[in-house]
Structures are given as C-alpha cells and as structure tokens.
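Everything below concerns the one structure shown next.
The values are calculated or read from the model by the stated rules, or taken from the named source; none is laboratory data. Computed from a predicted structure; not experimentally measured. Cβ placement follows ideal geometry from the backbone for every residue including glycine, while neighbour counts extend to all protein chains displayed.
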Amino acid sequence: MKADSFKVSRVFSSGGDIHYVLPHFQRQYSWEQRNWQTLLDDALALYEEYDPEKEPPEHFLGSLVVINDGIRNGVIPAFNLVDGQQRLTTISLLLCALHDLVQDTHPAVAKRTKRLLMNLDETGDVCYKLLPTTKYGDRDAYTALIRGEKPLLSESGIPAAYDYLRKQLEQKINDGEIQPEFFFIVISNCFQVVFIDLNHDESPYKIFESLNAKGKPLSQADLVRNYIAMKLPTRQQETVFKDHWEKIEYLLQEKRMVGKSRIGELTAFLRHYLAMASRVLCSQEHIYERFRDRCEREFDAIKLFIQEISTLRTFAEYYDRLLRPEHEADPAIQKALRRLNQLELSTAYPFLLAAYAAYHSTAVSKDDFLDLLSVLENYLIRRQVCGEPTNYLNKMFPTLWRDIQIEVENGLTFRNALRQLLANKGYPSDRNVQQAIRTRKQYDSGSQEKLCLVLESINRHLYQGMGGYTVLDGSPTIEHILPQKPSPSWKEELGEALDRTYRDYLHTLGNLTLVTQEWNSQLSNGPFKDKRNALSGHALKMNRDYFSQEISLWNESAILARADSLAQTFFAIWAAFGEASAVTQESYRAPKSVTICGETLPISDKTWRQFMKTVVEWVIQNHPDQFKHVRQQLETHFCDDLTGKKYPRDWHKLSNGTYVYQSDSARGHKSFCRRLLLAVGVPATAWNLEEAEVTA
C-alpha cells in the first residue's frame, strides 16, 4: 500500500491522462444539498484566504482509495476507485459548472478546467477521467454534463448536484465575489486528499473499513456491497454484478423502508438472511461485520463466494414477495401474505425466508405452506390482541425453522410440529384472549391497520354460507361508539358511570367498529341513540345485525356484551391450537375473601360490588377518624345524598350514612379499594384478595 498527499490537480494527473472507474458494486451518487453546500463552503473559505503572493492554503478533504487496474488504450493508467467516489464526483461537477459558466468569458480557465475532466485525445469511455457506475443513470447523466449536453431524465442525483453548484457559482461570479481564475486555483491546488494506492495482494476491504471519510455515512448495505466488490477478482465483478447483485438492488431498494423499522430494504434483508442462516438476529450496526465474518469463514474460495451471492439473489426474490405480495404468482399465497403484512410481521421474516425456500424446493407442499401462513397469522393476531411484547419474537423466529426440522425428524408431521412449537412459545390461551378482548386497550395511533384486519375478518366470517359479503365503499376507519370526546348527551345518559366507562372501555374492542371516513365524521360524538339507529342500517353485517337489537344504554355491561359477541366470532376464525373454545364455556375470576391486616372477611355473594362494600365497611369500622379525609381524596366515589343523581341504583348507602358508587368494573373496584386502603395507611403488602374461578 502506498499513501501520499495529492492536490486535486495531481489526482487528475495535472492535466495529463488518467482514468478512474467506479466498480460495479459501488453505490450510486448519493450526496445531497447539505453535502454540496459543505464542499462549496470549504472552497469559498479557502478562496477568502487565498493570496497569489503567498503559499496557497490547504484543506484536507479525506482519502481516495484506488486499486491499479492496468492500462487503457496502451498508455492511460486506469484505477478502480474503492473509496471517495462521492467527493471526487462532486469536485468534478464543481469544475464542470465552472467550465460551463466561464467558457465564453474566461476561455483559458475553461480550457484548464476541461483538461482536469477529460482525456482530450481519447474516444469512448476512456475519454472521461472519472466514470461513475451505471446505477440510476449516473454514468449517462455525468458524461452528458461533461460533454456540455442536457442529461436525459433519470433517477440520478448528479444533475441536481450540478444545477445547484452552477447556480451558486453563477451568483458569486455575477456579484463579483469570486474571480474564476483564482477560484480554479483554489479547487485544483488548495483541496488535498490522501491518495491510497492498494495492490491486489492486500485486503482492500480492511483498509476501507478503517477510513473515516468526510461525506455521507455508508449504510450497512453499502459496506456489504463494497466488501463483495473488493473480494471478487476484477474480471468477475461485472458478471456477478449483472447476474446477481444488480437484481438484488433492483428488487430491494435502500431508499424504501421496511415497516416501521426505518431500515432500508436491502439492509433489512441482509439482517434477516443472516438471522435465518445463523439463527441469531444481529443488531442493525453489526450486519456488515457478521456478513463479512461469515463469508471469510465459510466461503473463502471465490467459487463458493460467488455461489453465495447467487443464493442471496434467490432469497432476495422471496423477500421481495414478503414485502410486496402482489409479486407472488399464486393467488392463495398472495392473499395470505397480504393479510400477514397488515400485522407488521418483519420479526418473522427469518423464519418465512426458510419456509419459502422449502416451498420452492418442494420440501414443503403448497398446502403445508398455506397452512403455515394461516397458523402464523393466528399466532401473531392472538399475541397482538393480548398485547404480548414483540422483542421475544426477535429471538424465537430465527430458531423456529430448525426446531420444526428436529420435531419432524422425531416423527411429528410438519403441521403438528409447527402447532406444537408455537403453542409453547408465548401463545395466548382462549381465556387470556377473551379477557384482552373485554378489557385491554386495543386502539392507538399505530394499531389501526391491525384492528381493521381483525374487524374486517369478523365481519366477513358472519357472511359464511351466503356466497358473498359486503365491504365498505371506501377506506375503513375505526369508529368509537362511546366517542373519544363525549358530548353532554353522553353525560346525561351514563351519569356518574361515564368517567369510569370512558377510562376502562373507550379503546377496548367492544367499543370499536368499522365505518368509512364519511360515516365516521357523521357519527362523530353524537348520542348513542343516533349512533345505534345509523349502525342498525349500515351495510356491514357486523354493524347491522348487532345494533338492530334493543340496546337502551351504551354502558359498561353493553360494551362487555358486544366484546363477548365479537370474541365468539374471533375464536371461530382463529381457534386455539388443541384447546377448547373459551366462548363455549366462559370462565372468569370472582372474589372469594379479602384479608386486611390479618382479619379475613368472606365475600358472601362472590361479586366485585360486594368486595368493594366489604373493604369500605372495614375502613369505616377500623379508621372512622380518617374517613372524612379519605372522602376528599376519593371524592368522585362518595356523596351524602342522591339529590340530582340520575341513576340512584348506581349508589349504595354505607353504615355511616354515606353513599358509595357501586356500578364499576372488577378492575375499577380493585383499583378503588387499593387506593382507599393506602389512604388509611394499609399498604398493598398488608392485605390480600383471594379469588376463585367461576364457570358460567
């Protein structure tokens, strides 16, 4: 390796002939306005310091790493530009803009500039001192500008960089802020780089890794691409690029993100491919290192390495279908993948890549593959409804395929192995799912697509046997029946129960349904009677059938009743693996007794309402002096008389004549009692609630 400090003029052979080629695996031109402006600001700052009578100031731009690539046309030295293409391309565009602005007014400057950009006596590609990659039209755009022509429309960022630099320079020149001849000297003689010339026996990617160049940071996918380029012999780069890597980058573009991860598609694919191969999901920052280490360890021979790149292309095709199911030819598989995509299943991609490969090799039949997708939907939806954390899945899915193979080798069928394994990997029981449907908050800003899938599936299932089903004539939106901003009519309808119902059930499934945005706006926060009448005439069977019933009040019990109705259909769609449905025999927890400070108090009728009354009476008997203070802390739960109370049945008269609110949920009663006891100095460790399972 040779490293020297070069002025920009020397990089371009001081007007002599030289030819830099960007390897096929280099990324496209990706600098943006902030990068162009930084380079221009550096040049203008140097211009302010420049004095023709003194030694020119110097500014270090970073490093250029090249590998000698022989001779072109018998005399022109050629180099592969391993690192530094963004800076060298932008400097060339700055020189090109200067040339085009002054070719009529300062022909001598224009001529000297042209000699830094072109090998003037040559034809074809060798006439350009710098030759970008063909990606996104970069090469065609650059060479057109150097020739003084208007580039054709393409995705290349090179024309925008040229236009920006030219506009900025033109204004400076017209305002007299810079003189072209001195500005040319600043660019060519004040800008310097460290010029690193590698020989073919060295490991160029190791040099590349250690560089801290000034410019746009390389993504993990960029680092992998450069590693591949530097590992391949030059004579094989073009073939491997055109046959494999070019197709990978076309399918999986880094500018598109995967789900909500904010990771580019190519980077995400490499991460999930490595997780499939190693059964460990590495961090986003270590993708390149894990890829490099795996290749150095397992594919040291060039033939094996090229075969691995070919395998990558195949798996990139599978990954593209996971991201874009419309690229899957089979309609049934396409439909299953579309549904899964609504669940943000990227955590399952390592497993699905292995499954796709097995399906295409016929190791897994189409029926088994479709069953796998259905089982996976079941698993993910039940976990979603129960609010199970997703970080567990990042460890579980990379090992799942291997675990299935072990079970199959031990005699289980593929389908049974899949179900048996998932049933023991954080799979929610029917009881847990039903409880979550009844009481867990399901709605938030990031869950609407998943909620729509659940509700649309429930609605469609209700049409079974009818030969068709109704869908909305616009994009579905989530409607809160008890609205997020209740109008005064809701306060009149629910009275004191409104605050608690709002707190405990607003975002639960029983209070949510599907309508179009137009209907959502019309229903708004209107009274329940108006909403019920509208929904009873709605096109969706889920709304029409349920709200055609006589429902006088949309309170806690009404929301829970609808939640149970939705749960019944939910279990018909996503039945538990080998477990009886919770809907056919509903079970729940009921209070049996409560022990406070060593005193055990039985709950005679095993209701939560009686549990609350028992605890409050214990406080009255044991802490009568503190009760007045407690009432102030929990004032919404107590009153002295029922004057003005619309629903007297919601209140219970205590032994001391005070009324306590009794129409709360189990969770509400437990929360209230916890706060009440704490207020009189009884910590959670000093009391215990014994519950019993009751089957209805």
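Observations on the structure shown:
- Qualifying residue in the stretch 168-182 (condition: among the polar types (S, T, N, Q), within 28 Å of Gly70 (Cβ to Cβ) and either at pLDDT 95 or above or surrounded by fewer than 19 Cβ atoms within 10 Å (Cβ to Cβ) (or both)): no
- Arg500 of a type in the set (Lys, Arg), without any contact (Cβ under 8 Å) to a residue 40 or more places away in the chain and buried (at least 17 other Cβ atoms within 10 Å of the Cβ): no
- Within the stretch 72-118, the set of residues being surrounded by fewer than 19 Cβ atoms within 10 Å (Cβ to Cβ) and of a type in the set (Val, Ile, Thr) comprises Val75, Thr105.
- Test result for Asn378, at pLDDT 95 or above and assigned by TED's automatic domain parsing to the domain that holds Leu340: yes
- Among residues that are over 30 Å from Arg440 (Cα atoms), surrounded by 11 or more Cβ atoms within 10 Å (Cβ to Cβ) and basic (Lys, Arg), Lys653 is included.
- Cβ-Cβ distances below 7 Å connect the following pairs, each with a first residue in the stretch 520-542 that is in the same structural domain as Ser489 (by TED's automatic domain parsing) and in contact (Cβ under 8 Å) with a residue 24 or more places away in the chain, a second residue that is β-branched (Val, Ile, Thr) and part of a helix (DSSP H, G or I), and a separation of six or more residues or different chains: Met542/Ile458.
- Of all residues in the stretch 146-195, those satisfying the criterion of being under 40 Å from the mean Cα position of the chain (by Cα) and assigned to a helix (DSSP H, G or I) are Ile158, Pro159, Ala160, Ala161, Tyr162, Asp163, Tyr164, Leu165, Arg166, Lys167, Gln168.
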